[in-house]
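The values are calculated or read from the model by the stated rules, or taken from the named source; none is laboratory data. Everything numeric here is computed off the predicted structure, so don't read it as measured data. As a convention, Cβ positions derive from the backbone with ideal geometry for all residues, glycine included, and neighbour counts pool all protein chains shown.
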Amino acid sequence: MKTKQTKTRWWWIRHAPVINPDKKLYGQLDLDVDLSDHQKFELVANSLPKNATWISSPLARAKETASLLANLTSQDSKIKEYDQLKEQAFGDWEGKRWDEIDENISKTFWENPVKNCIPNGESFNDLVRRVSKTIEELNNQYTGKDIIAVAHMGTIRAALTQAIGGDGHAGLLFQLKPISLTRIDAIHDNNHIWWKISGVNLYGNRDELAS
């Protein structure tokens, strides 16, 4: 007997560009965000579903991006914030430029950036674990619904890593543009979830829509 499948649709959006002229590593720091690319915001907003659940990282760059997108979609939805959707914690490196980081420590980290922790911060695997746990909880809470999640490149890479089976090295290969859309579906099938990635960097630039 064929079982009925239910699909929970995740609409992941990376926040707008951070204003960071000094090229500092910001991780979980709050920096100002550039919300001026109205055309890109409108392209993404027009692609989003109605009556979705809106969630966001609590960091300002994600919250402000989510608020603008929600306003453009004319949805009066409360945006729920989840600490677990924050960017990877860069620990002692936050607020520093790459040339200010001890070369030996940096070299050791890059030998295996998936497993190695940033000093007093997180490894990418740590990030994948906390994001995956939250995704699983929300899949159970909002089964069969649309979830619009505004977060960070690291967070969305973690979601992609979960979808492709947990290979963090593969997950780090994804490059995500600001205000870009990543579509992942959770397929619920007889108490099992399998994943479908519909697209990455959708509406990431104007040329994509023109082609």
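Test residue 189 against the criterion of being modelled with pLDDT under 95, surrounded by fewer than 16 Cβ atoms within 10 Å (Cβ to Cβ) and not β-branched (Val, Ile, Thr), and give yes or no. Considered against the rule, which asks whether it is modelled with pLDDT under 95, surrounded by fewer than 16 Cβ atoms within 10 Å (Cβ to Cβ) and not β-branched (Val, Ile, Thr), residue 189 comes out as yes.
Please work out if residue 110 is in contact (Cβ under 8 Å) with a residue 12 or more places away in the chain, among the hydrophobic types (A, V, I, L, M, F, W, C) and farther than 28 Å from residue 5 by Cα.
Working: in contact (Cβ under 8 Å) with a residue 12 or more places away in the chain: no; among the hydrophobic types (A, V, I, L, M, F, W, C): yes; farther than 28 Å from residue 5 by Cα: yes.
The answer is no for residue 110.
Somewhere in segment 57-64, is a residue in a loop (DSSP other than H, G, I, E, B) and over 28 Å from residue 129 (Cβ atoms)? No, there is no match, as no residue in segment 57-64 is in a loop (DSSP other than H, G, I, E, B) and over 28 Å from residue 129 (Cβ atoms).
Identify all residues within segment 75-106 that are assigned to a loop (DSSP other than H, G, I, E, B) and either surrounded by 14 or more Cβ atoms within 10 Å (Cβ to Cβ) or of a type in the set (Ser, Thr, Tyr) (or both); write none if there are none. Break it down into steps so the answer makes sense when it comes.
Keep residues of segment 75-106 that are assigned to a loop (DSSP other than H, G, I, E, B), which gives 75-78, 82, 86-90, 94-97, 101-102.
Result: 75, 77, 82, 86, 87, 88, 89, 90, 94, 95, 96, 101.
Quick check, is residue 6 of a type in the set (Ser, Thr, Tyr), surrounded by 18 or more Cβ atoms within 10 Å (Cβ to Cβ) and either in contact (Cβ under 8 Å) with a residue 12 or more places away in the chain or part of a helix (DSSP H, G or I) (or both)? Here the answer is no, as residue 6 does not meet what is asked.
Summed over segment 107-136, residues that are of a type in the set (S, T, N, Q), exposed (fewer than 13 other Cβ atoms within 10 Å of the Cβ) and within 20 Å of residue 26 (Cβ to Cβ) total 1.
With respect to being surrounded by 19 or more Cβ atoms within 10 Å (Cβ to Cβ), in contact (Cβ under 8 Å) with a residue 12 or more places away in the chain, under 24 Å from residue 56 (Cβ atoms) and touching a strand residue (DSSP E or B) at 6+ places or on another chain (Cβ under 8 Å), residue 151 fits the description.
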